[in-house]
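To keep things clear, I will list the structure first and then write my remarks on it.
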């Protein structure tokens, strides 16, 4: 569905499962950052009423996911650790075109779509490879949500720019992400 060029090695799920407290804390902060990103996008497209409404819903859903992860952490006797730097996201961010307003907005939407696509793919890997039944079910539900967010952001990019150019740029994003992700998949973080 996402056409990701380099799938996650299923052994990453074993790394994650060996330190669930760490992966859950990292995941919680990823959800918070996704909510913050959606809010930031609202400030860039206030004239697009439908987008604002959809981005508001995404921000609220991402914060609900944050809360759900936090509840799992608490239920398991843990505490939410400090926020983590997400090198993968920072590496992707550098690929955003800083040109015209249209190019920048399209790329911000594609950037968000890429993160959602990889997160969804990682949740699928967790669902298929970890033994923890509660987390298998949880990540399967989130996988569906992340797929919807991916579709929404791609759709927004196509609304903001020429669809043919957006599709071409998405292919460039896929190629770039494949190079970036080669350095990741070895840590107990959602993108690490």
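Selection over segment 78-101 of residues that are within 21 Å of residue 31 (Cβ to Cβ), part of a loop (DSSP other than H, G, I, E, B) and out of contact with any helix residue (DSSP H, G or I) (no Cβ under 9 Å at 6 or more places or on another chain) gives a count of 1.
Is it the case that some residue within segment 75-86 is at positive phi and modelled with pLDDT of 95 or more? Write out each step before concluding.
Filtering segment 75-86 for residues at positive phi gives 77.
With the extra rule that they be modelled with pLDDT of 95 or more, the set shrinks to 77.
Checked against the condition, which is being at positive phi and modelled with pLDDT of 95 or more, segment 75-86 yields at least one hit.
Each residue in segment 174-189 was checked for being under 30 Å from residue 73 (Cα atoms) and exposed (fewer than 13 other Cβ atoms within 10 Å of the Cβ), and 3 pass.
Looking at 53, 59, just one residue is in contact with a helix residue (DSSP H, G or I) (Cβ under 6 Å, 6 or more places away or on another chain) and free of Cβ contacts under 8 Å to residues at least 60 places away in the same chain, and that residue is 59. Taken over segment 159-173, the criterion of being in a helix (DSSP H, G or I) and either in contact with a strand residue (DSSP E or B) (Cβ under 8 Å, 6 or more places away or on another chain) or surrounded by fewer than 17 Cβ atoms within 10 Å (Cβ to Cβ) (or both) is satisfied by 159, 163, 164, 165, 167, 168, 171, 172. Do we find a residue being surrounded by fewer than 22 Cβ atoms within 10 Å (Cβ to Cβ), touching a residue at least 60 places away in the same chain (Cβ under 8 Å), outside any helix (DSSP H, G or I) and in contact with a helix residue (DSSP H, G or I) (Cβ under 8 Å, 6 or more places away or on another chain) anywhere in segment 114-131? Scanning segment 114-131, I find at least one residue that is surrounded by fewer than 22 Cβ atoms within 10 Å (Cβ to Cβ), touching a residue at least 60 places away in the same chain (Cβ under 8 Å), outside any helix (DSSP H, G or I) and in contact with a helix residue (DSSP H, G or I) (Cβ under 8 Å, 6 or more places away or on another chain), so the answer is yes.
Pick from 65, 70: which is under 26 Å from residue 110 (Cα atoms) and either buried (at least 17 other Cβ atoms within 10 Å of the Cβ) or at pLDDT 95 or above (or both)? Steps first, answer last, please.
Working: 70 fails: under 26 Å from residue 110 (Cα atoms).
Being under 26 Å from residue 110 (Cα atoms) and either buried (at least 17 other Cβ atoms within 10 Å of the Cβ) or at pLDDT 95 or above (or both) holds for just one of 65, 70, which is 65.
The values are calculated or read from the model by the stated rules, or taken from the named source; none is laboratory data. What you see is a predicted model; the values in this text were computed from it and never measured. Heads up, the Cβs are rebuilt from the backbone with ideal geometry, glycines too, and the neighbour counts pull from every protein chain shown.
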